[in-house]
Amino acid sequence: MGELLQLTVNGLIAGSAYALLALGFWVVYGTTRTFHFAHGGVYTLGGYVFYHTLVALGAPFVVAVAATLLVTALLGMAIERFVYRPLRAIGASDMETLLSSLGLYVLIENLVIIVWKSDPRLVPVAEPLQQGLPFGPVWITGLQLVGLVASLGLWGGLALFLRRSRVGKAIRALAADPEMTEIVGINEDRIRLVVYAVGSLLAGCSVVLSAIDTGIAPSSGMSALLIATISVIVGGTNAVSGGVAGGFLIGVVENVGIWKIASEWKQAIAFGVLAAFILLRPTGLLGPRQAK
Amino acid sequence: MAYFEIEGLTKDFGGLRAVDGLSCTIEQGKVTSLIGPNGAGKTTAFNLISGFVRPSAGHVRYRDHDITGLGPDRIVELGLARTFQDLRLFHRMTALENVALGLQRQRGERLAHAVFGRAALRAEREVARGRARAILEELGLGAKAGELAQNLAYGEQKLLAIARAIATEADLLLLDEPAAGLGREATDTILGVIRGLVRRGRTVLLIDHHMEAVMDVSDRVVVLDAGRKIAEGAPDEVQHNEEVVRVYLGL
Amino acid sequence: MDYIFYVLILASLYAILAVSLNLLVGLTGLVSIAHAGFMAIGAYATALLTTKAGANFFAAAVVGMGLAALVAALLAVPTLKVTGDHYIIASFGFQVIIISVLLNWPALTNGPFGISGIPRPSLFGFAFASYPRLLVLAVALAGLAGWVAWRIAVSPFGAVLRAIREDEGAARSLGKDVTRFKVQVFVVGCALAALGGALYAGVTSFIDPPSFDIHESIFILAIVIIGGKGNVLGSMLGALVLIVLPELLKFLAVPSSIADPLRRVLYGVLLMAFMRFLPAGLLRERPAR
């Protein structure tokens, strides 16, 4: 019983990381409906920038994080400005945009391999953070705690931003009704830039938290993207909270799942959940009852 | 046994009842029109009948068969075909190809035949093209057979949609707003086509908003409002029905 | 000289994979990134049957194709209702699950260590042991796959697939059983992918899970798109271009450690460039006559 509880807690903590991933992806997908495959590339590059600044250049932690966030935000915006906007201008179809994004992902992942080689890189983390601390019947490491707090904090921050700020409201308007926003005088192109900046920043946060836990490898972005998209689909694409709910669900199911199933099947479990939802409730956990 | 009948047809979308206990029969070889203000449930009724939407309650019977809840493909096989308000033509195919797709029981649509039956397929293709071309000629589109559907004028596209449905050899044709958005001349052409179909023994059920055209071509009119049938009868009966007038004038 | 043969054999192999994926993506609009997974089924079936059961290559390949067809049929039905982005993710999922199975079931697949010592194909004593002979086999199989795909594309069956691609509802309104068409084309496409996998096993003599991962699937998709969606010859041309072109890189004295990622950078860039400037691909789709 204690083991199950521990696994559930692990699951919730992993879920918080997945939720953050889902948030970053959703900010772009949910609002612009572009399947931003290259988001995985932004994630990966961000991770390597973090690693390089921290380990290869020996910079302080804060500087490394700042560099990461700067690079990811800029890259995200550049992708929107120089890849997606020209495609929109020539009336490219959704499939064409997705394929372009796929090509971009391949480009980024392999540039990373050329520069940093393909073996995974580890980031040294302060010893004390790796210690498990007892919280009643369960153990949580300092690292997990940091991750959990950061994820929840960012979720809260994003929610506030979307609800309270003018830009945030414009983003929600764009998500709900793109045609209306142009009429009402909101500059769609500029909002999109903000959307990509925010989504990429969240990816940057995610990768930093992940890198200090398990390091970074060229395929990290792909795995992250997978979890993000599964979470968003499972949770429902309509609202911000959709991806979050999906992320937590996947985290818990994965970790509780390995109680009985060998841990190598983790990814397969995640897809199993996805398959179940696609078959039984395609609009997701928090989506409307019936698809429109 | 009625040729075609609907009994207590009902559809709920969440909290909204789009079609409410609709019952009526259609006579073979006649033109029946379904009219009513916007949102009255006419297109939903079409969707229910043609298998695109599952009814919440009620039955649809065509000849001997209970076609309630069957899929659209099965219903076409049984002899009932429809057009769409927004046409839904295959824009990147030619007019001829669009109509040819309506033909039923093509052996070339079976995978094994497609791969291995070259000689037989060629013969079948000739026959198919011939039939498709004949249908296009009858509707006055013969010259446009090789044009891409997206390059046709709007009126021609509307005719093409009907041609496609005719190609299925369906006996009962459901035409959703066949004359919408057309001028006087084009509307007359469409009405001529509908009369031609009936002369050939087919049965037509149509939705339209052109009151004059509807009254002109229909043998029978059914009026819907808020999902319910509020009147039914010959065109002049319905035209003078108080309830109908009230509903249309919004009083 | 052997090297040139090898490159051409590879190009023929990818022609098979591209032509079969084109049936799904190009003709029917089913964007799948699970093709390498089905290739793996064919490869592993062939490898296991020839090494463990001493079966003949061709017999083993047919079994592999049958297995892939079965899996495809099972998979096709639940994914029928799924469209667009969801479909791609679902195919992604299947691809990942296949690789998981290959990696984590060592009793059957030898896990990450792969299967080695796969014999070269032979038929009635005639062994396709040398590269020239393998090339003949590869080209013949590519021709076969291309022929099947072409027959489908120009037939009324293919016309219905194109109709489904453009507007599924309209196709149903004309009495087409869309489910049957989608399942059938999916089964054929995946069976041909398995054929490619079998050939791959016979040529390289060693297979392991990473050879069939998501990057492979994406590469095959890139070939289809760059070659030209819906054009069978285009897929073959695309395979030739995307296999031969990067080999020319080798003449540019590029260090071998970055040759592979550089090759991929190349096709990533090409994919983006084509979507921006030539979305129809090298050979555009021709209407059926």
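The table below gives the values:
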read-out	value
Within region A:77-109, backbone nitrogen closer than 20 Å to the virtual label 7 Å beyond the Cα of C:Ser257 toward Cβ	A:108-109
Net +/- balance of residues flanking B:Pro235 in space, Cβ distance below 10 Å, scoring K and R +1, D and E -1	-3
Cα pair distances of region B:129-219 binned at 5 Å [whole percent]	3, 13, 27, 26, 19, 9, 2, 0
J(HN,Hα) series, region C:92-102, from Karplus relation 6.51 cos²θ - 1.76 cosθ + 1.60, nearest Hz, glycine and proline x	4, x, 5, 4, 5, 5, 4, 5, 4, 4, 4
For region A:132-206 versus region C:226-270, the gap between their alpha-carbon centres in whole angstrom	39 Å
For B:Ala231, residues with placed amide H under 5 Å, excluding near neighbours	B:Val223
Net charge dipole size for chain A [Lys, Arg +1 and Asp, Glu -1 on Cβ; Debye, nearest 20]	620 debye
Extent along principal axes [Cα atoms of region A:1-98; Å; largest to smallest]	58, 39, 16
Helix C:232-249 axis, angle to chain C major axis (alpha carbon atoms, nearest 10°)	40 degrees
FRET efficiency, 1/(1 + (r/R0)^6) with R0 60 Å, evaluated for B:Ala153 and B:Ala234 via beta carbons	0.95
Percent of Cα pairs exceeding the 19 Å cut-off, where the set is region C:202-276	43 percent
Summed residue charge, Cβ within 15 Å of A:Leu249's Cβ, Lys/Arg positive, Asp/Glu negative	+1
Calculated diffusion of chain B, Stokes-Einstein form, Kirkwood radius summed over Cα pairs, 20 °C and 1.002 mPa s, µm²/s	113 µm²/s
Test item: B:75-86 mean partner chain Cβ contacts at 10 Å	2
Nearest-20 debye value, region A:140-191 charge dipole, Cβ charges on Lys, Arg, Asp, Glu	340 debye
Lysine-lysine proximity count for chain B, Cα under 23 Å, sequence distance 8 or more or distinct chains	8
5 angstrom amide H check on C:Ser122, placed H, neighbours 5+ away	C:Phe57, C:Phe58, C:Phe128
Relative contact order computed over region C:2-211 (Cα-Cα under 8 Å; 6+ residues apart), in percent	44 percent
All Cα pairs of region B:50-140, percent lying beyond 21 Å	49 percent
Chain A: DSSP helices with Cα axial extent of at least 30 Å and average Kyte-Doolittle hydropathy no lower than 1.0	A:2-32, A:94-116, A:142-164, A:188-214
Sorted by Cβ density within 10 Å, fewest first, the residues C:Phe5, A:Phe50	C:Phe5, A:Phe50
Convex hull volume per residue for region B:168-251, taking Cα atoms only, in Å³	112 Å³
Eligible lysines near C:Lys229 by straight Cα distance, threshold 21 Å, same-chain separation 8 or greater	C:Lys182
Pairwise FRET efficiency - A:Arg281 versus A:Ala59, Cβ, R0 = 56 Å, nearest 0.05	0.75
For residues of C:154-165, the mean tally of beta carbons on other chains within 10 Å	6
Amide proton proximity set for B:Phe13, modelled H, under 5 Å, gap of 5+	B:Ala18
Compactness relative to 2.2 N^0.38 Å, alpha carbon Rg of region C:22-151	1.18
Values of log10 I(q)/I(0), in the order q = 0.07, 0.14, 0.17 Å⁻¹, for chain C under a Debye, Cα-only, solvent-free model	-0.25, -1.01, -1.46
Peptides C:114-121, C:229-236, C:73-80, C:141-148 ordered by average Cβ neighbours within 10 Å, highest first	C:229-236, C:141-148, C:114-121, C:73-80
Taking the C-alpha atoms of chain A, convex hull volume expressed per residue in Å³	142 Å³
Between region C:1-24 and region B:19-82, the Cα center-to-center distance that results, in Å	52 Å
Debye-sum result for region C:5-57 in log10 I(q)/I(0), which assumes one identical scatterer on each alpha carbon, at q = 0.22 Å⁻¹	-0.89
The protein assembly as shown: projected area of the alpha-carbon convex hull, averaged over directions, in nm²	40.6 nm²
Inter-part distance where region B:109-178 and region C:124-172 are each reduced to a Cα centre, Å	27 Å
Rounded to 10°, Cα long-axis angle of helix C:178-204 versus longest principal axis of chain C	10 degrees
On Cα atoms only, tilt of C:256-277 relative to the major axis of chain C in degrees	10 degrees
Over region A:133-198, relative contact order from alpha-carbon pairs under 8 Å, at least 6 apart, %	16 percent
Order of C:Arg264, B:Arg129 - criterion: other Cβ atoms within 10 Å of each residue's Cβ, fewest first	B:Arg129, C:Arg264
Antiparallel bridges, percent of DSSP beta bridges restricted to the protein assembly as shown (to nearest 5)	65 percent
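The numbers here are math on the coordinates, done by the rules we state, and not lab data. Only a predicted model underlies this, so the values are computations on that prediction, with no experimental measurement involved. Note: ideal-geometry Cβ built from the backbone for every residue, glycine included; neighbour counts use all protein chains shown.
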